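Asks: The structure under discussion is supplied below as structure tokens; questions concerning it will follow.
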Amino acid sequence: MSSISRLKSFFKPSAGNDKHVARLQRRKRIYTSIGRVSPYLQLACYLIGILWIFAIPLTELGKGTYVDENALQPGQVSTYWDWAEVHAADRFLVVLEGMREANASHQERAAWLKTKFLELGISTDTQAYTFSTSFGEVHGVNTYAFHSSPRTSGAEAMIIAASWTSLTGDPNLRGVATVLALAGFLTRYTHWAKDLVFVISDGYQDGMEAFLSTYYGHEPKTLSVQPLTFDSEVVWTALSIDYPGHSFSHLGLFFEGLNGRLPNQDLFVCAQVIARWTGGVPVILHNTLDELRPDIPMPDWLQWSGAAGNWVWREIVNRRALKEWEYRAGNVAEQAGWMATGRASGVHGVFHQFRVDAITLFARPATGPHGFHSLGKLTESLLRTMNNLLERLHASFFFYLLSSPSTFLKIGSYLPCSVLIGVGCMIGGLRGYVDLGWERWYSQKANDTKWLKRPRRLMEGVGALSAVASVGAVAYLHASSRLFAPMLAATSPLPLLPVILTFSLLPPFIVLLRPDSKATAPLAPMVKTCLLFSLALLIAPLSMLNFPLSLFFALLAIPLSLINPSSGLLPFLLLALLNPAMLLLFQNGRDAIRIAVWDWQVLGAYALPLACLIWMPLVWVAQAVCIIQE
């Protein structure tokens, strides 16, 4: 009998039954088949999703970058930046270095910058600001200048910015000098169709956040800031220049914004093309050199393997394809890290929340061969390219992963890995929900087993999940309070042990305070079913908005979904290791939490509320499933 014939006979009703009975038989067989294969289907979704993650850096999934907006025409203009402008930047740099050596105050630096902008004939002013955080107040003074477009009414603008502090933590003196030299150079020409706004922000990202919050009228409660004396119109694009060293060898492009936002890919591609062909500068992603790792020598303890071991080491460990995979995987992992934590990789990142496409041009410190000449030339060409825009960047991608400066992955190439894991959670939740609606009953008189319907404890399961999750609000209030801030400065985890034990072990026990129920259906599987539904509903929509974050929750969902209800104390304690409160045991973890609190209170990055209101409650609910005894 063929496979098709066997399949037909499986669903074919028994002879003599009417159509209604046949339909019921067919439905029962279908449900039975689905229920039988659903555990394997769930595991298959998990396995394929995990394997897909390792396939993301493969060359076969990538595609070469290209410019999608025809109006941009990158690198098609003649640049005028020359050695006279380099000399001007050098003169600015001498004064800036003197101010650094003299430990000039925020006000003194801003006053000098304002004077220089006025000498260049540009309207300028300063802006003092203060952020109030649980760690204390953050003060600074921004300096901004405004040049009206000589050709249009100035309905659009471009921002050229530099922060006083580089993303490396060093003073960004050459970046500031470059912006000053650009201000004097660019305003001499009349081909600008957009207003030019020059901003020297204090601090690192806090200064630009204060400026943009005032510019767009979205001032957070933690910010006290002076109003702007003048402003421009709608800002479409922005460049941040970060040049902390004496000279540089590569141009690093930083593009990740706050809360997983990305600029239009056309802006990134234009910078990459112009840097290569106009500036003659090799381009890298972030601060990672585009060099493959050297061959790894075979360790001595494997020498016994002889020729076979040498072949394996040569053809697998030191294979060029594996080295390229590692390089691409590192680039994707760094982008995923910025996006999943919600942090901005540079000053450009605070622009994205206001629908401004922005990137940071990072001059990677080295002994040469590039300096002010190359950076100014490629910046001028990039600004000329942005000047061609007639509308916002929209033609290219807003959702992508960059595996190298010249290759990227479309959303359809990487999305399935997290979606498949979310589908696996949904399958597990549906299987649990169906099973909880039936109870096996054995009749001794009839010597037969029947399945009887029983009411599910859905509302109790949702209530238990909600009760445990509500404790996350307490954790959030504690983490963002002034009482918690001094604890993060501790060099030892001992003062934090009460906090760690409280937030990693106690909240799940809330479910034990529930009133007794006469229901025959167990509660622990119902709570697990609600947990699986929550994970599925979280992962699938989030994968479209912030793929790395959805992938994090997808990987977290796998151990949470494989626990057995009422499994006891050991799984309960093992799950506690997945709680973010465990980060307090390590110095790097305490530093990460301190950064998350600061970023939330100053910049609005979502890492802190995400950890307290979603991550911790998911782990608590899984722990509650372990300790509920029927």
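Asks: Could you tell me which of the pairs Lys323/Lys377; Lys194/Lys221; Lys377/Lys410; Lys453/Lys528 are separated by over 26 angstrom between their Cα atoms in the structure shown?
Replies: Lys323/Lys377; Lys194/Lys221; Lys377/Lys410
Asks: A further question on this structure: Where both partners of a DSSP beta bridge lie in the chain, what percent of those bridges are antiparallel, to the nearest 5?
Replies: 65 percent
Asks: As an exercise, use a Förster radius of 35 Å and the Cβ-Cβ distance of Leu458 and Val21 to find the FRET efficiency, rounded to the nearest 0.05.
Replies: Efficiency at R0 = 35 Å is approximately 0.65.
Asks: Which listed residue (Tyr215, Thr187, Val273) has the Cα farthest towards the positive end of the charge dipole for region 167-293, taking +1 on Lys and Arg C-beta and -1 on Asp and Glu C-beta about the Cα centre?
Replies: Val273
Asks: Compute and list, largest first, the equivalent-ellipsoid semi-axes of region 212-303 from the alpha carbon gyration tensor, each √(5λ) rounded to a whole angstrom.
Replies: 40, 20, 14
Asks: Semi-axes of the equivalent ellipsoid of the chain: what are they in whole Å, largest first, if each equals the square root of 5 times a C-alpha gyration tensor eigenvalue?
Replies: The answer is 54, 30, 25 Å, longest axis first.
Asks: For Ile411 and Phe54, FRET efficiency with R0 = 22 Å and r from the beta-carbon atoms, rounded to 0.05?
Replies: The calculated FRET efficiency here is 0.75.
Asks: If one takes the longest principal axis of the Cα atoms in the chain, at what angle in degrees, from 0 to 90 and to the nearest 10, does the Cα axis of helix 83-101 lie?
Replies: 70 degrees
Asks: Treating the beta-carbon of each Lys and Arg as +1 and of each Asp and Glu as -1, no other charges, what is the dipole magnitude of region 123-207 about its Cα centre, to the nearest 20 debye?
Replies: Here the size comes out at about 420 debye.
Asks: Tell me, Asp195, Asp266 in order of fewest to most beta-carbon neighbours within 10 Å?
Replies: The most exposed by this proxy come first: Asp195, Asp266.
Asks: Sorting check: for 248-261, 104-117, which peptide has the highest mean count of neighbouring beta carbons within 10 Å, and how do the rest follow?
Replies: 248-261, 104-117
Asks: Per the Kirkwood formula on distinct C-alpha pairs, the Rh of region 82-163 is how many angstrom?
Replies: By the Kirkwood definition, the hydrodynamic radius is 15.1 Å.
Asks: Treat every Asp and Glu Cβ in the chain as -1 and every Lys and Arg Cβ as +1, leave all other atoms uncharged, and give the resulting dipole magnitude about the Cα centre to the nearest 20 debye.
Replies: 3760 debye
Asks: Further question on the same structure: Over 14 Å apart: what share of the alpha carbon pairs of region 140-201 falls there, rounded to a whole percent?
Replies: 57 percent
Asks: Once you wrap a convex hull around the alpha carbon atoms of region 284-355, what is its projected area averaged over all directions, in nm²?
Replies: 6.8 nm²
Asks: Separate question: Can you compute the helix-only [θ] at 222 nm over the chain? Use -39500 (n - 2.57) per DSSP H run of at least 4 residues, normalise by all residues, nearest 500 deg cm²/dmol.
Replies: Using -39500 (n - 2.57) per qualifying helix, the result is -15500 deg cm²/dmol.
Asks: While we're on this one: What does the charge dipole of region 317-443 about its Cα centre add up to, to the nearest 20 debye, if the Cβ of each Lys and Arg holds +1 and the Cβ of each Asp and Glu holds -1?
Replies: I would put it at about 300 debye.
Asks: Continuing with this model, one more query. Before anything else, pin down the relative contact order of region 146-295: Cα pairs under 8 Å, at least 6 apart, normalised by residue count, whole percent.
Replies: 29 percent
Asks: Along the positive direction of the dipole of the chain (beta-carbon charges: Lys, Arg +1; Asp, Glu -1; about the Cα centre), which of Asn331, Leu361, His20 reaches farthest?
Replies: Farthest towards the positive end: His20.
Asks: On to the next question. Give me the one-decimal nm value for the distance between modelled label points at Ala490 and Leu513, 7 Å along each residue's Cα-to-Cβ direction.
Replies: Distance between label points: 2.5 nm.
Asks: A further question on this structure: Would you list Lys221, Lys377, Lys323 from fewest to most Cβ contacts within 10 Å?
Replies: Ascending number of Cβ neighbours within 10 Å: Lys221, Lys323, Lys377.
Asks: Okay, next question. How large is the convex hull of the Cα atoms of region 546-630 per residue, expressed in Å³ as a whole number?
Replies: Per-residue hull volume (Cα only) is 94 Å³.
Asks: Using 0.36 nm per residue, how much length does the chain from Asn103 to Leu228 gain when fully extended, once their Cα-Cα distance is taken away?
Replies: Contour length minus Cα-Cα distance gives 42.3 nm.
Asks: Using only alpha carbon positions, build the gyration tensor of region 455-560, then give the equivalent ellipsoid semi-axes as the square roots of 5 times its eigenvalues, largest first, whole angstrom.
Replies: The three semi-axes for region 455-560 are 30, 22, 11 Å.
Asks: Let me ask something else about it. Any idea which of Trp52, Ala157, Ser105 is furthest toward the positive side of the dipole for region 51-159, if Lys and Arg beta-carbons carry +1 and Asp and Glu beta-carbons -1?
Replies: After comparing all options, I get Ser105.
Asks: Report the calculated FRET efficiency for Leu43 and Asn287 (r = Cβ-Cβ distance, R0 = 60 Å), to the nearest 0.05.
Replies: That gives a FRET efficiency of 0.95.
Asks: On full extension of the chain, what length is gained from Asn388 through Tyr66, given 0.36 nm per residue of separation minus the C-alpha to C-alpha distance?
Replies: 114.2 nm
Asks: Here's something else I'd like to know. So what's the Cα pair-distance distribution over region 124-237, bin width 10 Å, in %?
Replies: P(r) over region 124-237, rounded to whole percents: 14, 43, 32, 9, 1.
Coordinate-derived values only; no laboratory data. Quick caveat: nothing in here was measured; it's all calculated off a predicted structure. For neighbour counting, all protein chains shown are included, and Cβ atoms are generated from backbone atoms with ideal geometry for every residue, glycine included.
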